[in-house]
1. What is the one condition in (1) farther than 20 Å from SER167 by Cβ; (2) in contact with a Gly (Cβ under 8 Å, 6 or more places away or on another chain); (3) in a helix (DSSP H, G or I) that ARG124 does not satisfy?
2. What are the residues in the stretch 130-152 that are touching a residue at least 24 places away in the same chain (Cβ under 8 Å) and either under 12 Å from LEU173 (Cβ atoms) or touching a strand residue (DSSP E or B) at 6+ places or on another chain (Cβ under 6 Å) (or both), if any?
3. Could you identify the single residue in ALA54, ALA68 that is in contact with a Ser or Thr (Cβ under 7 Å, 6 or more places away or on another chain), outside the structural domain of LEU149 (by TED's automatic domain parsing) and buried (at least 20 other Cβ atoms within 10 Å of the Cβ)?
4. I want to confirm something. Restricting to the stretch 16-51 and keeping residues that are touching a Gly at 6+ places or on another chain (Cβ under 7 Å) and surrounded by 13 or more Cβ atoms within 10 Å (Cβ to Cβ), which single residue is nearest to MET1 (Cα to Cα)?
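The values are calculated or read from the model by the stated rules, or taken from the named source; none is laboratory data. Model, not experiment: these values are computed from the prediction. Cβ placement follows ideal geometry from the backbone for every residue including glycine, while neighbour counts extend to all protein chains displayed.
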Amino acid sequence: MKLYYSPGACSMAAHILVNEWNIPCEFEKVDLKAHKTQDGTDFYRVNPKGYVPAMILDDGQLLTENIAILSYLNDRRNGVQGANYQFLEWLAFISTELHKGIGSLFTFTEPAVVGMIKDKVAKRLKIVDEKLVGEYLLQDEFSAADAYLVTILSWCRKFQIDLKPYSNISRYLERMNNRPSVQKTMKEEGLL
């Protein structure tokens with residue numbers, strides 16, 4: 001297992017747990033400004049999201065987002081196996097990167113600030129677009145992550161965030177908006 005961290009960043013929580021519970025793990029420091037690892041590797045090659053924490057699990061799988069990594073470490077210590085950490089990873093990403101980012105546009109209206117927020121959101125939407133190659137965000141069926149993603153993506157129209165550059169998101173959102181449960185909810189909430 002290998003933890004990519006940046007000193008004092010939120011990756012410190014996972015670093016503490018690994019040390020607290022003596023979990024065998026390698027550590028690699030990341031310069032988040034240069035997006036380079038300690039050995040000079042382009043960090044985007046490790047984690048396309050470009051931020052820490054990122055953990056390479058024993059099976060070679062990449063796990064990101066603090067909630068998912070902390071849950072994984074906690075479960076590993078307690079002998080729990082089989083949890084869906086990618087599900088937690090995507091819920092965390094939607095919550096902290098998309099919800100927080102797009103949601104801040106409800107508060108901030110200054111053009112320069114709105115522009116910076118939209119630039120950051122565009123980078124996060126690119127990550128989602130690359131993930132959405134199938135019908136759903138995860139696996140072969142609709143999940144809570146899809147319900148959350150559809151909700152947050154629905155805000156894009158209100159804030160004039162153009163989704164046309166993201167062909168997978170556009171197709172996904174069209175499919176999701178045609179789901180009976182989404183249609184029913186939108187009608188019940190007076191959005192149609």
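1. Against the list (1) farther than 20 Å from SER167 by Cβ; (2) in contact with a Gly (Cβ under 8 Å, 6 or more places away or on another chain); (3) in a helix (DSSP H, G or I), ARG124 comes up short only on (1).
2. Within the stretch 130-152, LEU132, LEU137, ASP146, LEU149, VAL150, ILE152 qualify.
3. Answer to the selection: ALA54.
4. Across the stretch 16-51, the extreme among qualifying residues is PHE43.
Residue-by-condition table, conditions (1) outside the structural domain of ASP129 (by TED's automatic domain parsing); (2) within 16 Å of the chain's Cα centre (by Cα); (3) touching a residue at least 24 places away in the same chain (Cβ under 8 Å):
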residue	(1), (2), (3)
SER11	yes, yes, yes
PHE27	yes, no, yes
ASP31	yes, no, yes
LYS36	yes, no, no
LEU62	yes, yes, no
